[in-house]
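Q: This is the structure I want to talk about, given as structure tokens.
The values are calculated or read from the model by the stated rules, or taken from the named source; none is laboratory data. Being a predicted model, the structure only gives us computed values, none of them experimental. Cβ coordinates were reconstructed from backbone atoms using ideal geometry, including for glycine residues, and neighbour counts include every protein chain displayed.
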């Protein structure tokens, strides 16, 4: 009898332990299932959408465009420096009377000039060049007294200068659009519609001008620029030489081909007095 009771008791104990083990396994499986669902849910939340991918792609394209633009500027600056070295050698050759060397150097200088002009053109898209050509036609039709210059007439050192209208010549002065030129060099440009004034601010210099007036105020001091500030083809323009000077730049004009090179005022630039290179008006 006693053995029978012991056997029954042991059976109950084994059944109870088996039940506990199975229950633990079931709960563990349920918890793991919940964890898996959580992971799946998190995966769904973190999966990039089409919009996210588009933004990333756009940012990458912008970054690539900026890198390419910076590379192009550096290459252009390198060519400008090489041309400057050749110009110095040309001056020395002319002074020494070495006509053969001077002729060879002059040919090389012209080749570098053509290379720079092509670099300027390459900085514009085909669509932008087409718009500039159309603007040139519109300007010349509206005012035959204006001479429209090629967009590659102006070469900027250290910057990717892109004008939204071609430079024009009025009364012997080369005019450029104020906003596009100034902003390319980091200046702030504001338009006051009520007073018809434009204010340009850069490095503590304030330039204030009024449309249809030849008087420009630089830090409050009045200066006559020789012709009234006008709007041409929807853009307000002024002499590039004056604007460059007040923005801490200089404009060197080569009378042989009309090219105008813009660079910082403190750059060491040699002017070839034997060819009459002058500073832009």
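Q: Within the stretch 148-157, identify whether any single residue is under 23 Å from residue 244 (Cα atoms) and not assigned by TED's automatic domain parsing to the domain that holds residue 234, and answer yes or no.
A: No, the conditions are met nowhere in the stretch 148-157.
Residues are listed down the side, and each one gets a yes or a no for (1) in a helix (DSSP H, G or I); (2) without any contact (Cβ under 8 Å) to a residue 40 or more places away in the chain; (3) outside the structural domain of residue 88 (by TED's automatic domain parsing):
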{"residue": "141", "(1), (2), (3)": "yes, yes, no"}
{"residue": "145", "(1), (2), (3)": "no, yes, no"}
{"residue": "165", "(1), (2), (3)": "no, no, no"}
{"residue": "182", "(1), (2), (3)": "yes, no, no"}
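Q: A further question follows. List every residue pair whose Cβ atoms sit under 6 Å apart, with the two residues 6 or more apart in sequence or on different chains, where the first one lies in the stretch 106-119 and is in the same structural domain as residue 261 (by TED's automatic domain parsing) and in contact (Cβ under 8 Å) with a residue 60 or more places away in the chain and the second, anywhere, is surrounded by 12 or more Cβ atoms within 10 Å (Cβ to Cβ) and assigned to a helix (DSSP H, G or I).
A: Partner pairs satisfying both residue conditions: 116/79; 117/152.
Q: A further question follows. Residues to consider are 237, 208, 216; find the one that is touching a residue at least 60 places away in the same chain (Cβ under 8 Å) and assigned to a strand (DSSP E or B).
A: Testing whether each residue is touching a residue at least 60 places away in the same chain (Cβ under 8 Å) and assigned to a strand (DSSP E or B) leaves just 237.
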